[in-house]
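Enquirer: This is the structure I have questions about; it appears just below.
FYI, it's all coordinate maths here, none of it is from the lab. Just so it is clear, the model here is predicted, and its values are computed rather than measured. We place every Cβ from the backbone using ideal geometry, glycine too, and count neighbours over all the protein chains shown.
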Amino acid sequence: MAGKVFRRAAKAAAAGVMHYSGVRKAMAAYRRSQSGGRRILIVSYHRVVGDFTGELQRSIPGLLISQETFRRHLEEAHAAGYELASIGDAVDVMAGRRTAKKDLCVVTFDDGYRDVYRYAYPVMKRMGVPAITYLPTAFINTDKRFNHDRLFHLLRRVQERRFRPDFETMPGPSLDLLGPILSGHKTVSAALDDFIGEHPTRILTGIIDALEKQLGGGADLMPEQGDVMSWDEVRTMARDGFEFGAHTLGHTVLTQEPTSVVEHEIVESKRTIEREVGVQVKDFAYCNGWYSDEIIRVLSQNGFRSGVTTEDLPNRVAGDPFTLKRKVMWENFSLGMMGDYSSALTVCQFDDCFGVLGMSRPVLGRRPHSLSSVVGGTAGANVLIQDSVLPQATLTKVTPVEVVEVTEPVRVTDTRVAPVVGGTQVVVASDVALASEAAQPEELQ
Ligand SMILES: [Zn+2]
């Protein structure tokens, strides 16, 4: 915690100096020349809320920004010389189809939270700022809540009730999530942040189901906050020119899914928005920010023009429109030394001063897609990502690696694959070929 406060103070102090001495402008110019003429800043938000302090008690902090701070971000981007542009403009400028008179700033929202309709939409409409919202369509028009919000809520109940979970009946990695929280080493949101980035959806749902059961069920185990838009709300925004992109059906991290699921999640989410809203959908946001060549192939074959990541890096002219870089923003990115709103800090975030100085370390989203090269009769259906990781010794042979669990026998056709462990687990590199046993029965022992 002390480290965090210190880092915030250091950033705020640095921002003040850079902003008022003109160093910030020099850095912006440096980034501009690096990007090939114009900077293309894409910012990402999740929930824009009316009562930030109240919501902070109930929700994942990193997803929140107050309506007031959000409004100031837009004003400040404008004042710092950015043209607030659409994602299509950004893609065109990057591809050299259009020249920009100013640096571009594109506003994006992930997940289609209803807060965006309530608190961001009126502000943007009034200011004439375009934006795109990426929708996980199976959630829209339902009272479902996202796994991350449900898990956060359950973990807070565990904390409040000083509950001791029974790990015997929970998925293997549960202790990695709950251990640091129960021992007080990590906050719920920090532990959740670390955990979600490393585990597939089915582990999250496994923990949610187990915790709900152990905590005795009941309506108070489902979070009230975190509701998503209805199709009527989406259509209302679309009529005012706001754009919508696809974000899978079920908020699915696609790098962990076989090709058949990747195609279904991408194509159906696009079709659903097009049918419900009557607009063309050409833009996609990767869940967790994770992508692979396989996912990009499916996107470009199905009429998409762009894919946004959560890589905090500058976009470059002539860069890949399917790996657009984004800066994920939340309330505390604008908090100065005394915990108050800092204009200098906000503009320095926009201008990526901390990136230029190496003070922020971007997390890269490219992941090996271990399932893309599965061949044979049961392709796509016979291999699942394993949740446990094998001893490091087995993993050193191939990088990058994924551990996969084979639910039906497969034949490993790549020599770089480590030996099959216990008959059910294999370690494969991203481009390893696995053939279904049924496809080559004569070669089996
Ligand atoms: Zn998302």
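Enquirer: Between Ala79 and Ser260, with labels modelled 7 Å along Cα→Cβ, what's the label distance in nm to one decimal, could you check?
Expert: 5.6
Enquirer: Another question, then. Please go through segment 153-183 and write out the trypsin sites (Lys or Arg not before Pro) that DSSP classes as loop and that have at most 11 other C-beta atoms within 10 Å.
Expert: Passing sites in segment 153-183 are Arg161, Arg162.
Enquirer: Something else now. For Cys287, Cys105, what ranking results if the residue with the fewest other Cβ atoms within 10 Å of its Cβ goes first?
Expert: Going from sparsest to densest Cβ surroundings: Cys287, Cys105.
Enquirer: Calculate the FRET efficiency for Arg239 and Gln301 from the Cβ-Cβ distance with a Förster distance of 30 Å, rounded to the nearest 0.05.
Expert: FRET efficiency, Arg239 to Gln301: 0.50.
Enquirer: Taking the Cβ of each residue in Tyr113, Tyr82 as the centre, tally the other Cβ atoms inside 10 Å and list the residues starting with the fewest. Present the calculation step by step, with values, prior to reporting the outcome.
Expert: On the way: Tyr113 27, Tyr82 22.
Fewest to most other Cβ atoms nearby, the residues stand as Tyr82, Tyr113.
Enquirer: Here is a follow-up. Would you kindly work out the equivalent ellipsoid of segment 287-337 from its C-alpha gyration tensor and give its semi-axes, the square roots of five times the eigenvalues, largest first in whole Å?
Expert: Working from the Cα gyration tensor, I get semi-axes of 27, 12, 8 Å.
Enquirer: Could I ask something else about it? Among the GluC sites (Glu not before Pro) in segment 213-300, which ones are in a DSSP loop with at most 13 other Cβ atoms within 10 Å of the Cβ? Mind listing them?
Expert: On the way: sites: Glu224, Glu233, Glu243, Glu263, Glu265, Glu268, Glu274, Glu276, Glu294; in loops: Glu224.
Taking segment 213-300 and a limit of 13 other Cβ atoms within 10 Å, the loop GluC sites (Glu not before Pro) found are Glu224.
Enquirer: Can you give me the distance in nm between label points at Gln280 and Glu68, each placed 7 Å from the Cα along the Cα-to-Cβ direction?
Expert: For Gln280 paired with Glu68, the spin-label model returns 4.3 nm.
Enquirer: Now for a different question. Counting only residues 5 or more places away or on other chains, whose amide H sits under 5 Å from the amide H of Lys327 once H atoms are built in the peptide plane?
Expert: Ile42, Val43, Ser44
Enquirer: Right, another one. Could you check the simple spin-label distance between Asn141 and Glu168, using points 7 Å along Cα→Cβ, in nm with one decimal?
Expert: Placing both labels 7 Å along Cα→Cβ, they lie 4.6 nm apart.
Enquirer: Could you size up the charge dipole of segment 147-221 around its Cα centre, putting +1 on the beta carbon of Lys and Arg and -1 on that of Asp and Glu, and report it in debye to the nearest 20?
Expert: Approximately 220 debye in magnitude.
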